[in-house]
1. By per-residue mean of other Cβ atoms within 10 Å, what is the highest-first order of 259-270, 63-74?
2. Within the set of other residues whose C-beta is less than 14 Å from the C-beta of residue 154, count the net charge using Lys and Arg as +1 and Asp and Glu as -1.
3. Among rounded, prolate and oblate, which fits the range 13-55 when a ≥ b ≥ c are the square roots of the eigenvalues of its C-alpha gyration tensor, a/c under 1.5 means rounded, and a/b larger than b/c means prolate?
4. In whole angstrom, how far apart do the alpha carbon centroids of the range 61-94 and the range 1-51 sit?
5. R0 = 30 Å: FRET efficiency of residue 186 with residue 217, Cβ-based, nearest 0.05?
6. Residue 143: net charge of surrounding residues, Cβ under 11 Å, Lys/Arg +1, Asp/Glu -1, itself excluded?
7. Mind pulling up the Rg/Rh value for the range 10-152? Radius of gyration and Kirkwood radius, both on Cα.
8. When the label point is put 7 Å from the Cα of residue 195 along its Cα-to-beta-carbon vector, which residues of the range 152-179 have a backbone N closer than 12 Å?
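The values are calculated or read from the model by the stated rules, or taken from the named source; none is laboratory data. Note that the structure is predicted; figures quoted are calculated from it, not measured. Neighbour counts are summed over all protein chains in view; Cβ atoms, including those assigned to glycine, are modelled from backbone coordinates with ideal geometry. SASA here: full protein model, heavy atoms, side chains in, ligands and nucleic acids out. Shrake-Rupley method; radii C 1.70, N 1.55, O 1.52, S 1.80 Å.
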Amino acid sequence: MMFDCVIVGGGIAGLQAAIQLSRYQHNVVVIDAKDGRSNLCRCYHNVLGFPNGVSGQELRDTGEKQAQELDVQFLNDRVKKITKIEHGFEFLLSNHSSIIGKRVLLATGVKDRIPLLPELKACLGMSVYVCPDCDGYEIKDKKALILGSGDVGAHMAITLHYFSKDLTYINHERKPLSAEVKQELESKGITYVESQIKQVITDGSQFKQVIVEDGTAITANHAFVAFGGNKVNSELAEQLGVELYKNKHVLVNQRTKMTNVEHVWAAGDVVAHSEQVTIAMGDGMQAAIWIHKTLLP
């Protein structure tokens, strides 16, 4: 069987595209390993229609059920390789099986580098955040910690100063700060601590404090993480000859979301733009519309 479209990645962008393509009556399969960043976020606070927030898992579960009711197929697997073949593409999966499809949508996302993830996982989106645009508002006029590394963490603290003037930046990996950045931290009154975090204390989804190397406890109810080095999952795109931005994000036509490779689209966080769940949803819809246009007889 040849699918009309194979979607690699079952996060927000992939699910939205699958729903729309199936409504166009195309046969679609979504291949997903269920370890994307939307699995981690316990609450998105800035999504239209959810004033009290909605978790990534709830969006995914609801979206997957909606897609299944439209006969979208799902494979819990990883794509190891995509090969261009006559009239389509072959997808080699990690279980050594393969499928073929006429069109490709890469919605493979980004993997955040969070060295303290085991301790912070239950708090992500609830009291610990990764995106100042999404969640800076959550610390408005509140005390907050920034757990990070070098200039990356410092820039996060400087950005968050817009929302709160009571900030402490803990340079967990002790990477040196540039003189200019260090001066800006000082000028904004952001407390700077250069020390490894030895212990993170939480209560369920509520962040409480960290203990640094010398035993000092630093307390706050909110924290942001900014370690840099996030991994853009664009290897499959690169295999296919897709043009990438200098930071490894995929470049697409802004109108159609198609890459420079014919019949290969990309959507969501893997694309070179602001990483937002609402943008991912729009990307998936836009890509689906143009994939459909190319499938018309």
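1. Values: 259-270: 24.0, 63-74: 16.8.
With the highest mean Cβ count within 10 Å placed first, the list reads 259-270, 63-74.
2. Working: positive: 174, 175, 182, 188; negative: 151, 173, 180, 184, 186, 194.
So the surrounding residues net to -2.
3. Values: a/c = 4.90, a/b = 1.59, b/c = 3.09.
It comes out oblate by the Cα gyration axes.
4. If we compute the Cα centre of each part, the gap is 11 Å.
5. My answer for the efficiency is 0.80.
6. Values: positive: 142, 165; negative: 141, 166.
After counting each charged neighbour, the total is 0.
7. On the way: Rg = 18.1 Å, Rh = 17.3 Å.
Rg/Rh: 1.04.
8. 170-172
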